[in-house]
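What follows is a single structure, written as structure tokens, with notes after it.
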Amino acid sequence: MEFLENTGRFGEKRGSVEVITGSMFSGKTEELIRRLRRAMFAGLKVEIFKPSIDVRYSEDRVVSHDDKSIVSTSVDNASSILLMVADVDVVGIDEAQFFDNSLVEVCNTLANNGVRVIVAGLDMDFTGNPFGPMPAMLSIAEFVTKLHAICMNCGNLAQYSFRTSEEASVVLLGEKDKYEPLCRNCYNKAINKNKSGT
């Protein structure tokens with residue numbers, strides 16, 4: 001599904017918010033990059049942002065698990081995004097779950113000013129609870145795309161990011177060394193196994 005049309009009947013710019021969400025390894029960043037590149041090909045002015053905490057692959061690029069990448073700007077907080085956009089058509093934001101709830105106001109402000117905003121982020125943390133501003137982002141979005149990974153245990157669609165390491169903090173950057181995608185059934189089995197210590 002594409003959302004490139006952002007002008008109304010009388011030529012005015014219409015802003016919107018799109019959210020791409022799902023578990024780790026579901027292709028969120030890959031889909032974000034795909035949409036942003038298509039906007040660039042269409043000649044639109046695009047700016048991309050990510051939280052400065054995310055330096056797993058690169059400090060100045062958004063990088064997907066399959067090594068697709070696009071130049072980005074790292075910011076310490078969501079409000080900084082408003083200071084860095086001028087005469088822009090499309091704003092992309094990756095790893096949205098790491099921002100605070102002010103991200104919602106920032107995205108609404110951009111969309112209200114005619115900007116197409118595309119946000120990608122985890123909907124749940126490793127405990128299965130809603131992550132950061134993502135529940136509110138889903139509420140304000142005109143378009144929501146929920147992607148799924150493949151369960152590492154049974155091969156069904158996965159929507160949970162199960163943490164295989166013992167760190168307890170909610171924010172813990174990692175890849176396949178710390179997380180694996182699991183379906184609901186396998187996730188619940190893994191959680192119960194951890195609780196029982198077997």
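A few points about this structure:
- Condition check for ASN192: at pLDDT below 95, over 20 Å from the mean Cα position of the chain (by Cα) and part of a helix (DSSP H, G or I): yes
- Hits in segment 83-124 (condition: surrounded by fewer than 21 Cβ atoms within 10 Å (Cβ to Cβ), at pLDDT 95 or above and part of a helix (DSSP H, G or I)): SER102, GLU105, ASN108, THR109, ASN112
- Selection status of GLU142, acidic (Asp, Glu) and modelled with pLDDT of 95 or more: yes
- Residue check for ALA86: free of Cβ contacts under 8 Å to residues at least 60 places away in the same chain and small (Gly, Ala, Ser): yes
The values are calculated or read from the model by the stated rules, or taken from the named source; none is laboratory data. Just so it is clear, the structure is predicted and the values come from calculations on it, not from any experiment. Because the Cβ atoms are built from the backbone with ideal geometry, glycine has one as well, and the counts that use them run over all protein chains shown.
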